[in-house]
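First up is the structure itself, then whatever we jot down about it.
The values are calculated or read from the model by the stated rules, or taken from the named source; none is laboratory data. For clarity, every value in this text was computed on a predicted model and none was experimentally measured. Backbone-built Cβ (ideal geometry, glycine too); neighbour counts: all protein chains shown.
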Ligand SMILES: [Zn+2]
């Protein structure tokens, strides 16, 4: 089934660390597969569900094929957004979930066409950064680096570029300590910012 076949690797695209989402061949989800427990290493400043209400990036496509820390994957530090049926979401516009500043728009082998926006959302001294991956095409260019955008700005279009086996939007959210000497990344479940929406798993 496509929803579980979507191989979404996070890797690179500028800020990323070494996270890699790999389906576990031959295994079904079980308690024996231990997903990492993403958390702020030294600052448990997770947002309360409902504390922030971001806009959904692909209106009309409110299903997930993979959730944050999905046990099917060894690590998955974001959400995979799809339509109710496979393929329907291909080419859908991807909108900025929050206002902020464009810090990257380009290509990486694993993320495909990818945009990174540092949002205006801040949590306990952490900047909140959003990454949109696997686009079929970008609406932003390198000229947009460093520019401010509003919520609902079109960033690109849903695709399956990079390490992906079907059309979907991989969205991940990372907090970066703005006070530390080195920027530390902490993955946050994106759904904490969409608690006001009903987003079931793809049937
Ligand atoms: Zn993903």
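How many residues does the stretch 61-82 hold that are part of a loop (DSSP other than H, G, I, E, B) and modelled with pLDDT under 95? The total comes to 11.
Say whether the condition of being under 16 Å from residue 106 (Cα atoms) and surrounded by 14 or more Cβ atoms within 10 Å (Cβ to Cβ) is met by at least one residue in the stretch 170-193. Yes, the stretch 170-193 has at least one match. Within the stretch 130-149, can you find the residues that are surrounded by fewer than 19 Cβ atoms within 10 Å (Cβ to Cβ) and more than 18 Å from the chain's Cα centre (by Cα)? Selection gives 141, 142, 143, 145, 146, 147, 148.
This table checks each residue for (1) farther than 22 Å from residue 52 by Cα; (2) part of a loop (DSSP other than H, G, I, E, B); (3) at pLDDT below 95; (4) within 16 Å of the ligand (Cβ to nearest atom).
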position	(1), (2), (3), (4)
107	yes, no, no, no
120	no, no, no, no
134	yes, no, no, yes
151	no, yes, no, no
157	yes, no, no, no
165	yes, yes, yes, yes
174	no, no, yes, yes
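Determine, yes or no, whether residue 97 is crowded, with 21+ Cβ neighbours inside 10 Å, in contact with a strand residue (DSSP E or B) (Cβ under 8 Å, 6 or more places away or on another chain), at negative phi and not in a strand (DSSP E or B). Yes; evaluated as a whole, the condition is true for this residue. Only residues that are within 13 Å of the ligand (Cβ to nearest atom) and closer than 17 Å to residue 187 by Cα were counted across the stretch 45-76, and they come to 9.
Taken over the stretch 77-90, the residue count meeting the criterion of being within 12 Å of residue 60 (Cβ to Cβ) and away from the ligand (no atom under 16 Å from the Cβ) is 2.
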